[in-house]
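To keep things clear, I will list the structure first and then write my remarks on it.
The values are calculated or read from the model by the stated rules, or taken from the named source; none is laboratory data. Because the structure is predicted, anything quoted here is derived from the model rather than measured. Neighbour counts run over all protein chains shown; Cβ positions are idealised from the backbone, glycine included. Surface accessibility is based on the protein's heavy atoms, side chains included, excluding ligands, DNA and RNA. Shrake-Rupley method; radii C 1.70, N 1.55, O 1.52, S 1.80 Å.
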Amino acid sequence: MELRTIIKAFGFILLLIFGIPGNIFICLQFMYLKIMERKLLTNNMILTVLCFFNFLVLFSRVIPQSLSAVGVEDLLNDTECKLVIYTYRVSRAMSICVTSLLSCHQCIIIAPMKHIWIPLKQNGAQRVKVIILAFWIMNLSTYPFFVLNANARKNVTTSVYTLHLIYCDTDFLNYRSYIINGLFYAIRDFVCVTAMILASGYMVCILIYHEQHMRKMMNEYRSQRRLARYKASRAVVLLVVMYVVLFGLDNSLWIYTLTLADVSPDMNDIRIFLASSYAALSPLLIITTNPKLQLSWLFCHKQRPYQISLEGHGHVNFITEPTSNSD
């Protein structure tokens, strides 16, 4: 096996090692919290949905890519190709939409209590489920073309408007279909990424203002409460920065490939790696920045050295409390 092939296989397998257990852990941990606490805070619910679709991205895209890198051939038939491509496209679309929703929701949470923000603060949390459902219906209904025109790769002639996706080919048949599909998905991604950047930029401005005026706050309780919100906002900003950087690198390579007459398979592999890295790396960031996902939480919950108080918009305040003799 060539060194290039070994590096490629190692890279994709590494994404699976970090991504799949991380996303499964977050989903299971939040499900456990939902059962134990009888509710799930809005931000954590959004993160659960995000990790579920990130898991599907890795399952439908990186697993076939890893198997192809180690030399497995003819893995999928026509029906399996349709299912895998459709799952990947919908899951990737949901990942970017839900990340955008997360940044906008956190932006609304920490926004000042001005007239323009009050209706969103009061009704935003209740409408999150409806928005996620709308995103899902929209993305499920916009990818039937990939299902109808996806087939297992065969030694047959296809049009020049064909996407070659590891074991499968998606033939757009003509220039109009190719351009219309490409423009629609590009516009959707651009709108979502723009919303992420604007929301994150606003949160950064608020965080800077908060740092400058932190010492002027007289009410210690409110100070701790706001500090928890700002810590959550920093985590969301980091998540958005990660997505925008990987999204930018992926699309920069895609634009570069448009200038080439013959795109090498290695270039496509790099793009797939970058496009899948967010689904694999974001769980690490979520786990390290979300107090509810710390592994020590379960032990703390059993031993009860702290009283866990859910304040405001779902952030955790830890109040030291001595353990009673009866426990």
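For region 118-126, indicate whether the set of residues that are open to solvent by 20 Å² or more (accessible area, probe 1.4 Å) and within 20 Å of I272 (Cβ to Cβ) is non-empty.
No: zero hits.
Which ones in region 1-50 are more than 20 Å from the chain's Cα centre (by Cα) and either open to solvent by less than 70 Å² (accessible area, probe 1.4 Å) or small (G, A, S) (or both)?
The answer is T5, K8, A9, L33, E37.
Mind listing whichever residues of region 93-140 are aromatic (F, W, Y) and without any contact (Cβ under 8 Å) to a residue 40 or more places away in the chain?
Passing the criteria: only W117.
Pull out all pairs, ordered by first then second residue, where Cβ-Cβ is under 8 Å, the residues are six or more apart or on different chains, the first lies in region 31-45 and is more than 11 Å from K292 (Cα to Cα), and the second is assigned to a loop (DSSP other than H, G, I, E, B) and open to solvent by less than 100 Å² (accessible area, probe 1.4 Å).
Between residues of region 31-45 that are more than 11 Å from K292 (Cα to Cα) and residues that are assigned to a loop (DSSP other than H, G, I, E, B) and open to solvent by less than 100 Å² (accessible area, probe 1.4 Å), the close pairs are K34/L40; T42/H313; T42/G314; N43/H313; N43/G314.
Looking at the structure I just gave you, is L227 open to solvent by 20 Å² or more (accessible area, probe 1.4 Å), within 26 Å of I46 (Cβ to Cβ) and modelled with pLDDT of 80 or more?
no
Results for (1) more than 26 Å from the chain's Cα centre (by Cα); (2) at pLDDT 75 or above, shown as yes or no for each residue.
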residue: V98; (1), (2): no, yes
residue: S103; (1), (2): no, yes
residue: I108; (1), (2): no, yes
residue: H115; (1), (2): yes, no
residue: R127; (1), (2): no, yes
residue: L133; (1), (2): no, yes
residue: F146; (1), (2): no, no
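Give the residue, chosen from I108, I63, that is within 25 Å of V191 (Cα to Cα) and either surrounded by 22 or more Cβ atoms within 10 Å (Cβ to Cβ) or not hydroxyl-bearing (S, T, Y) (or both).
One residue alone meets the criteria, I108.
Is at least one residue of region 62-75 without any contact (Cβ under 8 Å) to a residue 12 or more places away in the chain, among the acidic types (D, E) and either within 26 Å of R89 (Cβ to Cβ) or in a helix (DSSP H, G or I) (or both)?
Looking through region 62-75, at least one residue is without any contact (Cβ under 8 Å) to a residue 12 or more places away in the chain, among the acidic types (D, E) and either within 26 Å of R89 (Cβ to Cβ) or in a helix (DSSP H, G or I) (or both).
Under the condition of being farther than 13 Å from L140 by Cα and buried (at least 20 other Cβ atoms within 10 Å of the Cβ), which residue from region 75-89 is nearest to the chain's Cα centre (by Cα)?
Here the answer is V84.
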